[in-house]
Amino acid sequence: MSGRDKPELEFHRPSGAWQVPEGAAPGVREQTLAADGSGAHRTALVRWEPGTDTSRSGVVRHDFWEEVYLLEGDMRDLTLGRTFSRGDYACRPPGMPHGPWVSDHGVTMLVITYPGTPTGA
């Protein structure tokens, strides 16, 4: 396994600590399921408590790919004026604008990130 590979993991119950991501809105916690040695390739569960509001961050753009699958709950995109719920999926290339978001009831999502070239680069 190189420093860029995620670990080999057979089925198990994740038991890692839930942590507050750097710069996250109040009410956001994440549990890393797998990450490579550099942290560039990550899979995490992300939970937003009821009432979480990311408006303070405004519209967000990342320099990495982000795939999001909503496992339970819902979240409203304030820019699009749309609510997304369990079973909804997003695949965002680097540089794609999204958010801000509000979750009145809370939401749990599976988030996978990996490096990429920004859109239009």
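The values are calculated or read from the model by the stated rules, or taken from the named source; none is laboratory data. Everything numeric in this text was worked out from a predicted model, so none of it was measured. Reconstructed Cβ throughout: ideal geometry from the backbone, glycine too, with neighbour counts over all protein chains shown. What goes into the accessible areas is simple: the full protein's heavy atoms, side chains included, and nothing from ligands, DNA or RNA. Shrake-Rupley method; radii C 1.70, N 1.55, O 1.52, S 1.80 Å.
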Top-ranked residue in segment 19-42 [being open to solvent by less than 70 Å² (accessible area, probe 1.4 Å) and not in a loop (DSSP other than H, G, I, E, B); ranked as nearest to D104 (Cα to Cα)]: V28
Cβ-Cβ below 7 Å, separation at least six or inter-chain, first residue in segment 90-110 and in contact (Cβ under 8 Å) with a residue 24 or more places away in the chain and surrounded by fewer than 16 Cβ atoms within 10 Å (Cβ to Cβ), second in a loop (DSSP other than H, G, I, E, B) and of a type in the set (S, T, N, Q): which pairs? P93/T119; G95/T119; M96/T119
Scan of segment 61-70 for residues that are open to solvent by 30 Å² or more (accessible area, probe 1.4 Å) and touching a Gly at 6+ places or on another chain (Cβ under 9 Å), ordered by number: R61, H62, D63, F64, W65, Y69
Suppose we filter M75, M96, M109 for residues that are assigned to a loop (DSSP other than H, G, I, E, B) and among the aliphatic types (A, V, I, L, M); which single one remains? M96
Output yes when any residue across segment 7-18 is modelled with pLDDT of 95 or more and in a strand (DSSP E or B), and no when none is. no
Go through segment 71-89 residue by residue and tally those that are within 21 Å of R56 (Cβ to Cβ), in contact with a Lys or Arg (Cβ under 8 Å, 6 or more places away or on another chain) and either surrounded by fewer than 16 Cβ atoms within 10 Å (Cβ to Cβ) or in contact (Cβ under 8 Å) with a residue 40 or more places away in the chain (or both). 2
Can you tell me how many residues within segment 6-60 are at positive phi and touching a residue at least 24 places away in the same chain (Cβ under 8 Å)? 4
Some residue of segment 44-60 being charged (D, E, K, R), more than 15 Å from the chain's Cα centre (by Cα) and surrounded by fewer than 16 Cβ atoms within 10 Å (Cβ to Cβ): yes
